[in-house]
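The values are calculated or read from the model by the stated rules, or taken from the named source; none is laboratory data. Remember, predicted model here, so these are calculated numbers, not experimental data. Using ideal geometry, Cβ is built from the backbone for each residue, glycine included, and neighbour counts are taken over all protein chains shown. Accessible surface areas use protein heavy atoms only, side chains included; no ligands, DNA or RNA. Shrake-Rupley method; radii C 1.70, N 1.55, O 1.52, S 1.80 Å.
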Amino acid sequence: LLLGILFHTALSFMPFFIGWAVMDVSTSDRVPRFVLVSHSFRMALFFLIAGYFNHLTMGKKGIKPFIRSRLIRVGLPFLFGWFVLKPLVVSGWIIGAESMRGEVNIINGLKAGFASLSELPEGFLTGTHLWFLYYLLIISFSVVVVRWLISFHVPTKYLIGCIADQVISTISQSTLMLLVVALPTAIGLWFMQHWGLDTPDKTLMPHIPILTVYGGFFLLGWMLQRDPALIGRFSHVSLGKLLLCVVSIFGSIYLSGFQGNFGHSQYNLLKMGFMLSYSVMMWSLISLSIGFSKKCFHRPNKLIQYVADASYWLYLVHLPIVIWLQITFAELPLHWAIKLISIFGITVGISLLLYDLMVRATFI
């Protein structure tokens, strides 16, 4: 979630205009590489962790309390967060566009942002970074329904459990098996609108390729929680996995340069190579992220616990703050890296202050 904040912070420093709220006067060719790599695995890892703890919650509380907790912890932030954040995000886009023309009117931008709610029901619950909560609800409830149906037939339930254990064991046996399990993900990537993972924030109609990819990682997390030993085997850190990760990262960065070259005689072959490289990068980074986290954060730490508790809130509220700060810093004659670090640090600081005042010590 913190990586997601850094990801959005970096978008204004892209060396070409991508339709973001504002484009900084200081840019770098390194930023697209960071954006490509970070975007490949951060949400997939989030859904895997969500699946892991959803299974844990289901086992402890049962179906009805589980559904109630998902509606409170995911559904309510999605609904109320959208009404608060959507006008602020829209106003940021308006003010950002004005700033690039040299004419900024903050008050009018805010008024126009909140006036966008008058267009309801058009655009209801769309157009923000909260889309991931919508997909988390869909996937969570779908898994609950399927699990409930399977529970009526014990042999099927046993067979699925055996298959799940075998798949995870196969992944753990050899680093090269990541190439095999990455193939279904690569197939899903082929049906995206762009090279890489799409952001399905424009409509409530589920984006099937995205639903399939993130749903697959949610299911993997769900299955990993069945046996405490599985997560350790899946996240085992090895030299071979590190090398495969590095090769796939460089391969993805290199092949991504051909995305706009539609006239290339081998365009489809290059796209296929990118999809496979990208999916291997995704799988290896997820596995290594969990593995290194288990090594670095295996002991209780109050600071890590505090950041972990606050991270959900930080990600929910960060986007308007990031955009306004990007607009503020856009014309300053500073190096892009200094601006990026400053915007990220100030955003986290403001969000933590709001967390302490509005969340940590309140009923929220």
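Scan the range 187-209 for residues that are β-branched (Val, Ile, Thr) and in a loop (DSSP other than H, G, I, E, B) and jot them down.
THR199, THR203
Taking the stated definitions as given, is ARG42 touching a helix residue (DSSP H, G or I) at 6+ places or on another chain (Cβ under 8 Å) and of a type outside the set (Asp, Glu)?
Spelling it out, ARG42 is indeed touching a helix residue (DSSP H, G or I) at 6+ places or on another chain (Cβ under 8 Å) and of a type outside the set (Asp, Glu).
What residue, of LYS302, LYS294, is touching a helix residue (DSSP H, G or I) at 6+ places or on another chain (Cβ under 8 Å), open to solvent by 80 Å² or more (accessible area, probe 1.4 Å) and among the basic types (Lys, Arg)?
Working: LYS302 fails: touching a helix residue (DSSP H, G or I) at 6+ places or on another chain (Cβ under 8 Å).
Answer to the check: LYS294.
If TYR254 satisfies all but one of (1) among the aromatic types (Phe, Trp, Tyr); (2) at pLDDT 95 or above; (3) crowded, with 17+ Cβ neighbours inside 10 Å, what's the number of the condition it fails?
Failed condition: (3).
This table checks each residue for (1) closer than 30 Å to SER284 by Cβ; (2) among the aromatic types (Phe, Trp, Tyr); (3) touching a residue at least 40 places away in the same chain (Cβ under 8 Å); (4) touching a Cys at 6+ places or on another chain (Cβ under 9 Å).
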{"site": "ALA50", "(1), (2), (3), (4)": "yes, no, yes, no"}
{"site": "PHE53", "(1), (2), (3), (4)": "yes, yes, yes, no"}
{"site": "LEU56", "(1), (2), (3), (4)": "yes, no, yes, no"}
{"site": "GLY92", "(1), (2), (3), (4)": "no, no, yes, no"}
{"site": "ASN105", "(1), (2), (3), (4)": "no, no, no, no"}
{"site": "ALA112", "(1), (2), (3), (4)": "no, no, no, no"}
{"site": "SER151", "(1), (2), (3), (4)": "no, no, no, no"}
{"site": "PRO155", "(1), (2), (3), (4)": "no, no, no, no"}
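With THR128, THR185 as the choices, which residue is closer than 26 Å to ILE72 by Cα and either modelled with pLDDT under 75 or surrounded by 14 or more Cβ atoms within 10 Å (Cβ to Cβ) (or both)?
Details: THR185 fails: closer than 26 Å to ILE72 by Cα.
Answer to the check: THR128.
Has the range 30-39 got at least one residue that is over 24 Å from PRO320 (Cβ atoms), open to solvent by 60 Å² or more (accessible area, probe 1.4 Å) and in contact (Cβ under 8 Å) with a residue 60 or more places away in the chain?
Yes, some residue in the range 30-39 is over 24 Å from PRO320 (Cβ atoms), open to solvent by 60 Å² or more (accessible area, probe 1.4 Å) and in contact (Cβ under 8 Å) with a residue 60 or more places away in the chain.
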